[in-house]
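Below is one structure, written out as structure tokens; comments come after it.
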Amino acid sequence: MIPTRFRRPLMIAAAVLAVLSVAAVGMVMALAFGGQPAPPWITSAALYGLPVAFVLMFVLVIDGVTARRRAGNGGWR
């Protein structure tokens with residue numbers, strides 16, 4: 001279980017990583033449309049950034065679900 005003091009920074013980091021990765025994808029597409037090759041660091045950010053952000057958010061969601069189930073206030077009848 002992730003300590004509560006780390007959840008919000010991890011969520012912010014995942015959101016920032018996702019936004020930067022989408023911007024990198026847009027930049028790669030714009031450069032390809034212009035006929036220029038994209039720099040390798042932009043291509044790797046576009047290729048690896050979104051999966052890492054989604055895995056991080058998935059871990060945070062699963063951790064939130066398990067924390068609510070352990071606390072016993074999941075809202076089940």
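The values are calculated or read from the model by the stated rules, or taken from the named source; none is laboratory data. Just so it is clear, the model here is predicted, and its values are computed rather than measured. No Cβ is skipped: glycine too gets one built from the backbone with ideal geometry, and neighbour counts run over all protein chains shown. In case anyone asks, the SASA skips ligands and DNA or RNA and just uses the protein heavy atoms, side chains included. Shrake-Rupley method; radii C 1.70, N 1.55, O 1.52, S 1.80 Å.
Numbers below:
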read-out	value
Among LEU17, THR43, PHE33 the positive-end extreme of the charge dipole of the chain (Cβ point charges)	LEU17
Solvent accessible area, Å² - VAL19, 1.4 Å probe, full protein context	100 Å²
Surface per residue (accessible, 1.4 Å probe) for the chain, Å²	79 Å²
nm² value of the averaged projected area, convex hull over the Cα atoms of the chain	6.4 nm²
Solvent-accessible area of THR4 with every protein chain in place, 1.4 Å probe, in Å² to the nearest 10	110 Å²
Rounded tilt (10° steps) of 4-33 against the dominant C-alpha axis of the chain	20 degrees
Stokes-Einstein D for segment 1-40, Kirkwood Rh over Cα pairs, 10 °C, 1.306 mPa s (µm²/s)	132 µm²/s
Whole-percent carbon and sulfur share, accessible surface of the chain, 1.4 Å	73 percent
Between helix 40-71 and the chain: long-axis angle, C-alpha atoms, 0 to 90°, nearest 10	10 degrees
